[in-house]
Amino acid sequence: MHCFTAPRLLKQTRIHTGVRSQNFHSHCCIVYHLHRTFQARTTVSAAENSSSSTSTNLTTDWEARRKQRVVRDLVEGSKRLGPHYTADAIREGVDTLESLLPGLQIDVEAMKARDWAKLCLDVNAAATRIVVLKTHYPNADLSKVIQRQPALLLQDVARLEDNARQVKQLLESAKDPDTLLTALPSLMDPKTLISVLVTVRKWYFNKRDPVEVLEADPELILRAQACGVPFDPVYQDPETGAWSAPGFNYMEKRADWQKYLDEKLKKRDYLPDKPLADNTAQADKQPPAEVTAAVALDDVDAPAAGKGAQ
(Lines give C-alpha, C1' and ligand atoms only; values in the text may rest on other atoms or scores of the structure.)
Protein backbone atom coordinates (compact mmCIF):
# COMPACT_ATOMS: atom_id res chain seq x y z
CA MET A 1 0.00 0.00 0.00
CA HIS A 2 1.43 3.32 -1.09
CA CYS A 3 1.28 6.28 1.21
CA PHE A 4 0.46 9.58 -0.49
CA THR A 5 0.58 13.00 1.02
CA ALA A 6 -2.35 15.39 0.71
CA PRO A 7 -0.84 17.66 -1.99
CA ARG A 8 -0.08 14.71 -4.28
CA LEU A 9 -3.60 13.31 -3.85
CA LEU A 10 -5.13 16.69 -4.69
CA LYS A 11 -2.97 17.00 -7.81
CA GLN A 12 -4.02 13.55 -9.08
CA THR A 13 -7.67 14.38 -8.38
CA ARG A 14 -7.52 17.54 -10.49
CA ILE A 15 -5.92 15.60 -13.37
CA HIS A 16 -8.54 12.83 -13.50
CA THR A 17 -11.69 14.72 -12.62
CA GLY A 18 -10.84 18.34 -13.05
CA VAL A 19 -13.07 19.03 -10.06
CA ARG A 20 -11.81 20.07 -6.66
CA SER A 21 -13.98 18.41 -4.10
CA GLN A 22 -14.16 20.05 -0.69
CA ASN A 23 -15.04 16.73 0.97
CA PHE A 24 -12.17 14.94 -0.66
CA HIS A 25 -9.83 17.75 0.39
CA SER A 26 -10.90 17.36 4.01
CA HIS A 27 -10.41 13.62 3.80
CA CYS A 28 -6.88 14.03 2.46
CA CYS A 29 -6.03 16.48 5.23
CA ILE A 30 -7.18 14.00 7.84
CA VAL A 31 -5.08 11.25 6.27
CA TYR A 32 -2.10 13.58 6.13
CA HIS A 33 -2.38 14.56 9.80
CA LEU A 34 -2.83 10.94 10.89
CA HIS A 35 0.30 10.05 8.99
CA ARG A 36 2.26 12.84 10.66
CA THR A 37 0.94 11.84 14.10
CA PHE A 38 2.01 8.24 13.51
CA GLN A 39 5.49 9.38 12.51
CA ALA A 40 5.75 11.59 15.62
CA ARG A 41 4.69 8.79 17.95
CA THR A 42 7.13 6.40 16.33
CA THR A 43 9.92 8.93 16.86
CA VAL A 44 8.96 9.48 20.52
CA SER A 45 8.77 5.72 21.15
CA ALA A 46 12.20 5.20 19.61
CA ALA A 47 13.58 8.05 21.71
CA GLU A 48 12.08 6.57 24.91
CA ASN A 49 13.54 3.15 24.15
CA SER A 50 16.90 4.75 23.47
CA SER A 51 16.69 6.76 26.71
CA SER A 52 15.74 3.66 28.73
CA SER A 53 18.63 1.73 27.23
CA THR A 54 21.00 4.60 27.92
CA SER A 55 19.77 4.85 31.56
CA THR A 56 20.30 1.11 32.08
CA ASN A 57 23.78 1.35 30.65
CA LEU A 58 24.60 4.33 32.88
CA THR A 59 23.37 2.45 35.98
CA THR A 60 25.42 -0.59 35.05
CA ASP A 61 28.48 1.52 34.37
CA TRP A 62 28.07 3.37 37.68
CA GLU A 63 27.80 0.10 39.61
CA ALA A 64 30.86 -1.29 37.86
CA ARG A 65 32.85 1.85 38.61
CA ARG A 66 31.70 1.77 42.26
CA LYS A 67 32.93 -1.80 42.70
CA GLN A 68 36.21 -1.00 41.00
CA ARG A 69 36.71 1.88 43.40
CA VAL A 70 35.83 -0.32 46.40
CA VAL A 71 38.22 -3.07 45.32
CA ARG A 72 40.97 -0.52 44.77
CA ASP A 73 40.46 0.96 48.24
CA LEU A 74 40.39 -2.45 49.90
CA VAL A 75 43.53 -3.61 48.11
CA GLU A 76 45.31 -0.42 49.13
CA GLY A 77 44.18 -0.78 52.75
CA SER A 78 45.18 -4.45 53.06
CA LYS A 79 48.73 -4.25 51.73
CA ARG A 80 50.20 -5.16 55.11
CA LEU A 81 47.83 -8.04 55.80
CA GLY A 82 49.55 -10.52 53.55
CA PRO A 83 50.14 -11.53 49.93
CA HIS A 84 46.86 -13.46 49.72
CA TYR A 85 44.90 -10.19 49.77
CA THR A 86 44.95 -9.92 45.99
CA ALA A 87 42.64 -7.83 43.82
CA ASP A 88 40.93 -10.94 42.39
CA ALA A 89 40.30 -12.45 45.85
CA ILE A 90 38.96 -9.18 47.22
CA ARG A 91 36.78 -8.61 44.14
CA GLU A 92 35.22 -12.03 44.55
CA GLY A 93 34.70 -11.40 48.26
CA VAL A 94 33.03 -8.04 47.60
CA ASP A 95 30.54 -9.67 45.21
CA THR A 96 29.77 -12.49 47.65
CA LEU A 97 29.46 -10.27 50.73
CA GLU A 98 27.12 -7.79 49.05
CA SER A 99 25.01 -10.66 47.70
CA LEU A 100 24.46 -11.98 51.26
CA LEU A 101 22.62 -8.77 52.19
CA PRO A 102 20.87 -7.26 49.15
CA GLY A 103 21.16 -3.50 49.30
CA LEU A 104 24.44 -3.53 51.21
CA GLN A 105 27.22 -1.44 49.67
CA ILE A 106 30.70 -1.57 51.14
CA ASP A 107 31.58 1.86 52.46
CA VAL A 108 35.09 2.63 53.67
CA GLU A 109 33.69 5.63 55.55
CA ALA A 110 31.72 3.33 57.87
CA MET A 111 34.66 0.99 58.58
CA LYS A 112 38.35 0.83 57.72
CA ALA A 113 39.28 -0.63 54.36
CA ARG A 114 41.50 -3.29 55.95
CA ASP A 115 38.58 -4.52 58.09
CA TRP A 116 36.33 -4.75 55.03
CA ALA A 117 39.10 -6.68 53.32
CA LYS A 118 39.19 -9.17 56.20
CA LEU A 119 35.45 -9.73 55.82
CA CYS A 120 35.75 -10.19 52.07
CA LEU A 121 38.36 -12.92 52.48
CA ASP A 122 36.37 -14.68 55.22
CA VAL A 123 32.82 -14.48 53.91
CA ASN A 124 31.78 -17.66 55.74
CA ALA A 125 32.52 -16.03 59.10
CA ALA A 126 30.52 -12.98 58.06
CA ALA A 127 27.63 -15.22 57.01
CA THR A 128 27.69 -16.92 60.43
CA ARG A 129 27.36 -13.60 62.21
CA ILE A 130 24.54 -12.55 59.88
CA VAL A 131 22.67 -15.71 60.86
CA VAL A 132 23.21 -14.94 64.55
CA LEU A 133 21.89 -11.39 64.12
CA LYS A 134 18.92 -12.61 62.11
CA THR A 135 18.11 -15.16 64.79
CA HIS A 136 18.01 -12.58 67.58
CA TYR A 137 16.55 -9.73 65.52
CA PRO A 138 14.27 -11.46 62.99
CA ASN A 139 12.36 -8.34 61.97
CA ALA A 140 15.33 -6.00 61.69
CA ASP A 141 16.55 -4.82 58.30
CA LEU A 142 20.07 -6.19 58.51
CA SER A 143 21.12 -4.53 55.26
CA LYS A 144 20.54 -1.11 56.84
CA VAL A 145 22.01 -2.23 60.16
CA ILE A 146 25.26 -3.54 58.65
CA GLN A 147 25.49 -0.56 56.31
CA ARG A 148 25.78 1.69 59.37
CA GLN A 149 27.40 -0.73 61.84
CA PRO A 150 29.57 -3.10 59.76
CA ALA A 151 31.81 -3.78 62.77
CA LEU A 152 29.09 -6.15 64.03
CA LEU A 153 30.37 -8.69 61.50
CA LEU A 154 33.81 -8.59 63.13
CA GLN A 155 32.62 -9.34 66.66
CA ASP A 156 33.04 -12.71 68.28
CA VAL A 157 29.94 -14.90 67.98
CA ALA A 158 29.74 -15.37 71.75
CA ARG A 159 29.84 -11.61 72.26
CA LEU A 160 27.10 -11.09 69.68
CA GLU A 161 24.94 -13.64 71.46
CA ASP A 162 25.49 -12.08 74.88
CA ASN A 163 24.95 -8.52 73.64
CA ALA A 164 21.72 -9.54 71.93
CA ARG A 165 20.43 -11.10 75.14
CA GLN A 166 21.13 -7.95 77.15
CA VAL A 167 19.71 -5.64 74.51
CA LYS A 168 16.46 -7.61 74.29
CA GLN A 169 16.14 -7.51 78.07
CA LEU A 170 16.71 -3.74 78.16
CA LEU A 171 14.15 -3.20 75.39
CA GLU A 172 11.63 -5.60 76.84
CA SER A 173 9.02 -2.84 77.12
CA ALA A 174 9.42 -1.78 73.48
CA LYS A 175 6.52 -2.40 71.11
CA ASP A 176 8.82 -3.17 68.17
CA PRO A 177 12.45 -3.38 69.28
CA ASP A 178 13.70 -4.59 65.89
CA THR A 179 12.38 -1.48 64.14
CA LEU A 180 14.01 0.72 66.77
CA LEU A 181 17.34 -1.08 66.35
CA THR A 182 17.10 -0.75 62.58
CA ALA A 183 16.78 3.01 63.01
CA LEU A 184 19.55 3.11 65.65
CA PRO A 185 21.92 0.17 65.05
CA SER A 186 24.41 1.53 67.58
CA LEU A 187 21.97 0.49 70.32
CA MET A 188 22.88 -3.15 69.65
CA ASP A 189 25.79 -2.48 71.99
CA PRO A 190 24.51 -2.76 75.61
CA LYS A 191 26.86 -0.07 76.90
CA THR A 192 25.65 2.42 74.30
CA LEU A 193 22.03 1.47 74.88
CA ILE A 194 22.29 1.93 78.65
CA SER A 195 23.99 5.32 78.21
CA VAL A 196 21.21 6.46 75.87
CA LEU A 197 18.44 5.24 78.16
CA VAL A 198 19.92 6.92 81.21
CA THR A 199 20.49 10.18 79.33
CA VAL A 200 17.02 10.30 77.79
CA ARG A 201 15.44 9.61 81.18
CA LYS A 202 17.30 12.59 82.63
CA TRP A 203 16.22 14.79 79.75
CA TYR A 204 12.64 14.21 80.83
CA PHE A 205 13.41 14.40 84.58
CA ASN A 206 12.47 10.75 85.13
CA LYS A 207 8.88 11.45 84.08
CA ARG A 208 8.84 9.43 80.85
CA ASP A 209 9.89 5.94 79.85
CA PRO A 210 13.04 6.38 77.73
CA VAL A 211 12.17 3.38 75.56
CA GLU A 212 8.81 4.95 74.75
CA VAL A 213 10.52 8.23 73.88
CA LEU A 214 12.97 6.49 71.54
CA GLU A 215 10.26 4.54 69.77
CA ALA A 216 8.23 7.69 69.22
CA ASP A 217 11.22 9.61 67.82
CA PRO A 218 14.35 7.54 67.05
CA GLU A 219 15.98 10.49 65.31
CA LEU A 220 16.10 12.30 68.65
CA ILE A 221 19.43 10.60 69.34
CA LEU A 222 20.80 11.40 65.89
CA ARG A 223 19.92 15.06 66.31
CA ALA A 224 21.53 15.14 69.74
CA GLN A 225 24.71 13.56 68.38
CA ALA A 226 24.77 16.02 65.47
CA CYS A 227 24.58 18.89 67.97
CA GLY A 228 27.33 17.44 70.15
CA VAL A 229 25.07 16.76 73.14
CA PRO A 230 26.98 14.57 75.64
CA PHE A 231 25.57 11.27 76.87
CA ASP A 232 26.10 9.94 80.37
CA PRO A 233 28.99 7.49 80.71
CA VAL A 234 28.28 4.04 82.10
CA TYR A 235 30.53 1.60 83.88
CA GLN A 236 30.52 -2.14 84.45
CA ASP A 237 31.55 -3.74 87.70
CA PRO A 238 34.30 -6.26 86.84
CA GLU A 239 33.20 -8.57 89.65
CA THR A 240 29.42 -8.58 89.37
CA GLY A 241 29.05 -7.43 85.77
CA ALA A 242 26.38 -4.90 86.81
CA TRP A 243 26.09 -1.69 84.79
CA SER A 244 25.84 1.67 86.57
CA ALA A 245 25.86 5.35 85.68
CA PRO A 246 27.06 8.07 88.09
CA GLY A 247 24.38 10.60 88.96
CA PHE A 248 24.62 14.16 87.73
CA ASN A 249 23.44 16.92 90.03
CA TYR A 250 22.85 20.06 88.02
CA MET A 251 22.90 22.31 91.08
CA GLU A 252 26.41 21.13 91.92
CA LYS A 253 27.89 20.94 88.44
CA ARG A 254 26.61 24.12 86.82
CA ALA A 255 29.03 26.85 85.81
CA ASP A 256 29.00 30.41 87.10
CA TRP A 257 27.19 31.78 84.08
CA GLN A 258 24.51 29.10 84.51
CA LYS A 259 24.07 30.13 88.14
CA TYR A 260 23.68 33.75 87.04
CA LEU A 261 21.01 32.90 84.46
CA ASP A 262 19.15 30.65 86.89
CA GLU A 263 19.08 33.37 89.55
CA LYS A 264 18.25 36.34 87.33
CA LEU A 265 16.03 34.81 84.66
CA LYS A 266 14.67 31.68 86.35
CA LYS A 267 15.55 29.98 83.10
CA ARG A 268 14.95 26.44 84.31
CA ASP A 269 11.43 25.56 85.37
CA TYR A 270 12.64 23.10 87.99
CA LEU A 271 14.66 25.75 89.86
CA PRO A 272 12.94 26.54 93.22
CA ASP A 273 11.91 30.10 93.97
CA LYS A 274 14.49 30.46 96.75
CA PRO A 275 17.78 32.30 97.09
CA LEU A 276 20.68 30.72 95.27
CA ALA A 277 22.61 30.13 98.50
CA ASP A 278 19.75 28.08 99.92
CA ASN A 279 19.60 25.96 96.79
CA THR A 280 23.31 25.29 96.97
CA ALA A 281 23.04 24.36 100.64
CA GLN A 282 20.25 21.92 99.88
CA ALA A 283 22.26 20.43 97.06
CA ASP A 284 25.20 19.90 99.41
CA LYS A 285 23.00 17.89 101.74
CA GLN A 286 21.97 15.50 98.99
CA PRO A 287 24.13 12.39 98.79
CA PRO A 288 25.72 11.71 95.39
CA ALA A 289 23.30 9.61 93.40
CA GLU A 290 24.16 6.55 91.43
CA VAL A 291 21.60 5.68 88.83
CA THR A 292 21.29 2.05 87.94
CA ALA A 293 21.01 1.94 84.17
CA ALA A 294 17.61 2.81 82.71
CA VAL A 295 15.02 0.76 84.55
CA ALA A 296 16.43 -1.65 87.10
CA LEU A 297 19.56 -2.37 85.11
CA ASP A 298 21.06 -3.97 88.17
CA ASP A 299 18.82 -6.92 87.33
CA VAL A 300 20.69 -7.41 84.07
CA ASP A 301 22.92 -10.38 84.56
CA ALA A 302 25.75 -9.08 82.36
CA PRO A 303 29.11 -10.85 82.22
CA ALA A 304 32.09 -9.20 83.80
CA ALA A 305 34.05 -6.82 81.59
CA GLY A 306 36.45 -8.63 79.34
CA LYS A 307 34.75 -12.02 79.57
CA GLY A 308 33.57 -13.13 76.19
CA ALA A 309 34.29 -9.72 74.74
CA GLN A 310 37.12 -10.79 72.53
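The values are calculated or read from the model by the stated rules, or taken from the named source; none is laboratory data. None of these values were measured; they are calculated from a predicted model. Note that we place each Cβ from the backbone using ideal geometry, even for glycine, and neighbour counts take in every protein chain shown. SASA here: full protein model, heavy atoms, side chains in, ligands and nucleic acids out. Shrake-Rupley method; radii C 1.70, N 1.55, O 1.52, S 1.80 Å.
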Being of a type outside the set (Ser, Thr, Tyr), assigned to a helix (DSSP H, G or I) and under 19 Å from Gln155 (Cβ atoms) is the filter here, so list the residues in region 178-216 that pass it.
Asp178, Leu181, Pro185, Leu187, Met188, Pro190, Lys191, Leu193, Ile194
Return yes or no: is Ser45 hydroxyl-bearing (Ser, Thr, Tyr), at pLDDT below 95 and either farther than 29 Å from Thr179 by Cβ or part of a helix (DSSP H, G or I) (or both)?
yes
Cβ-Cβ under 9 Å, sequence separation 6+ or interchain: first residue in region 195-217 and of a type in the set (Gly, Ala, Ser), partner open to solvent by less than 20 Å² (accessible area, probe 1.4 Å). Which pairs?
Ser195/Val234; Ser195/Ala245; Ser195/Ala293
Condition first: crowded, with 16+ Cβ neighbours inside 10 Å and touching an Asp or Glu at 6+ places or on another chain (Cβ under 7 Å). Now tell me which residues in region 155-174 satisfy that.
Asn163, Ala174
Under 9 Å between Cβ atoms, at least 6 apart or on separate chains: pull out the pairs that start in region 82-93 with a residue that is without any contact (Cβ under 8 Å) to a residue 40 or more places away in the chain and end on any residue that is open to solvent by 100 Å² or more (accessible area, probe 1.4 Å).
Tyr85/Lys79; Ala87/Arg72; Arg91/Gln68
Looking only at region 94-124, and only at residues there that are free of Cβ contacts under 8 Å to residues at least 12 places away in the same chain and part of a helix (DSSP H, G or I), the one that is surrounded by the most Cβ atoms within 10 Å (Cβ to Cβ):
Glu98
Any residue in region 204-215 that is surrounded by fewer than 18 Cβ atoms within 10 Å (Cβ to Cβ) and at pLDDT below 85?
yes
